[in-house]
Amino acid sequence: MSKIEAGKTVISKDIFISILVSGVVAPIVISYYFSLRYESLHFIFLTISGLSINSMILAYNTLRLNKNFLKSQLFHNGYKVVFLLTFVLLYFFIAFKVDYIVLVATAILFVFGILAFWNIYQNISISQERTSSLLNYFFSFSINMALLTALSYGERILIANELGEEVFGNYFYYSTIFLFPLTLLQYYVGFKELVYFKEGVNKKLLHSKLLKIFVGGALIVAAVILLVKIDGGTFLTIDIKTNLILVILLSALGIIKLVYGLFSALMGAKAKYQDIYLINIFTFVLLAILLPTLFLIGVTVNLVVLGLIIIFAARGAFIYLKYA
């Protein structure tokens, strides 16, 4: 889909045109809809913001593939830091008005968008080659992303609907403490390792990375539990004895998702669209088995988390057997 030559990301002309069209048309259409629906939202401001964000996403991925990780992260998260600092300054030192928020935010995004566009121009090279099965790649990756989004956030809707807000609140609190640190590291693993997998897959090196990631995840879990013990309920309302099984399951899920982050990067770098369709079907089958079983037995938080562990472990095993 893409390759690195002479320090530049080379993509085929048809992919670049697809990115360009979707990156321009989508913000205009969405901005037009919301400007009609909400009088306070201006079409021009929304369009500039949308175009700028899409430019930053493209710059982020381009620089990431070039192994320019620092600059890549600046486009991914830098504007958020500037947002925070700017609004803090406005709040404390200037007569702050809510009406200024959209204008200031648009100006910040516009500056980042211009910088992103310049970096895209410097780091992308367009080839005249055509990408075979472009639509198949588009649909297979889109379905895969939809499934991962549903797996990452759908359990919250299930728990809230079936078990009530109080149970959901407790689950969300515990998952923030025991799962979020590992999930955050998972994104970093996927962010960085995909680039190296594009250069090739070394089985021995892969096993070494898996061991390091597993040990690192276990150490983070131990550090979180130690922090909870030291805190002793002063700031964190955590009862490990009462919720021991939930804590164990969330920790296990976090480590498995951390390991899966490496496999996900491997699939993103090496997978053919046929394999992505296969893993999508495999995931659908697992969900078709696990969800009815869950409702038949009775929905509980622990069983929901256990189901997620099974799905992510199975997807990871599928990718490992296919590519390692």
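The values are calculated or read from the model by the stated rules, or taken from the named source; none is laboratory data. These figures come from a predicted structure and were not determined experimentally. Heads up, the Cβs are rebuilt from the backbone with ideal geometry, glycines too, and the neighbour counts pull from every protein chain shown. Only protein heavy atoms, including side chains, enter the accessible area calculation; ligands, DNA and RNA are left aside. Shrake-Rupley method; radii C 1.70, N 1.55, O 1.52, S 1.80 Å.
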For Lys209, counting only lysines whose alpha-carbon sits under 25 Å away and dropping same-chain residues fewer than eight positions off, the answer is Lys3, Lys67, Lys71, Lys192, Lys198, Lys257, Lys270, Lys272, Lys322
Simple spin-label estimate for Asn202/Lys229, 7 Å along Cα→Cβ, in nm, reads 3.8 nm
Here Rg/Rh (Cα, Kirkwood) for the stretch 118-239 equals 1.10
Expressed in square angstrom to the nearest 10, the accessible area of Ile114 with a 1.4 Å probe stands at 90 Å²
Ignoring ligands and nucleic acids, Phe117 exposes an accessible area, probe 1.4 Å, in Å² to the nearest 10, of 130 Å²
Under the 7 Å Cα-to-Cβ spin-label approximation, Leu70 and Lys13 lie apart by a distance in nanometres of 3.8 nm
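Quick one: order Tyr260, Tyr121, Tyr273 from most to least accessible surface, probe 1.4 Å.
My answer, sorted largest first, is Tyr121, Tyr273, Tyr260.
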Rounded to one decimal in nm, the spacing of the 7 Å Cα→Cβ label points at Phe110 and Ala146 is 3.7 nm
Among [x] 22.3, 63; [y] 20.0, 63; [z] 21.1, 67, the value of Rg and Dmax of the Cα atoms in Å computed for this structure carries the label [x]
The answer for the longest stretch of the chain without any exposed GluC sites (Glu not before Pro) (DSSP loop, at most 12 further Cβ atoms within 10 Å) is 200-324
Longest the chain segment clear of trypsin sites (Lys or Arg not before Pro) sitting in DSSP loops (not H, G, I, E or B) with at most 16 other Cβ atoms within 10 Å runs 131-240
Computed, not fitted: 222 nm per-residue ellipticity of the chain from DSSP H runs ≥ 4 (each -39500 (n - 2.57)), nearest 500, equal to -28500 deg cm²/dmol
From the Cα centre of the stretch 187-206 to that of the stretch 111-157, the distance in Å is 18 Å
Amide H proximity to Ser127 below 5 Å, modelled H, separation 5+ or other chain, gives Ile11, Ser12, Lys13
Once all protein chains are kept in place, Val299 shows an accessible area at probe 1.4 Å, nearest 10 Å², of 20 Å²
Under the Karplus relation with 6.51, -1.76 and 1.60 and θ = phi - 60°, whole-Hz ³J(HN,Hα) for the stretch 210-226, x at Gly and Pro, equal 4, 5, 4, 5, 5, 5, x, x, 5, 5, 5, 4, 4, 5, 5, 5, 4
Rounded to whole angstroms and listed largest first, the alpha-carbon spread of the stretch 178-278 along its three principal axes comes to 50, 26, 19
Per the rule of 0.36 nm per residue minus the C-alpha distance, extending Ala26 to Leu219 adds in nm 65.2 nm
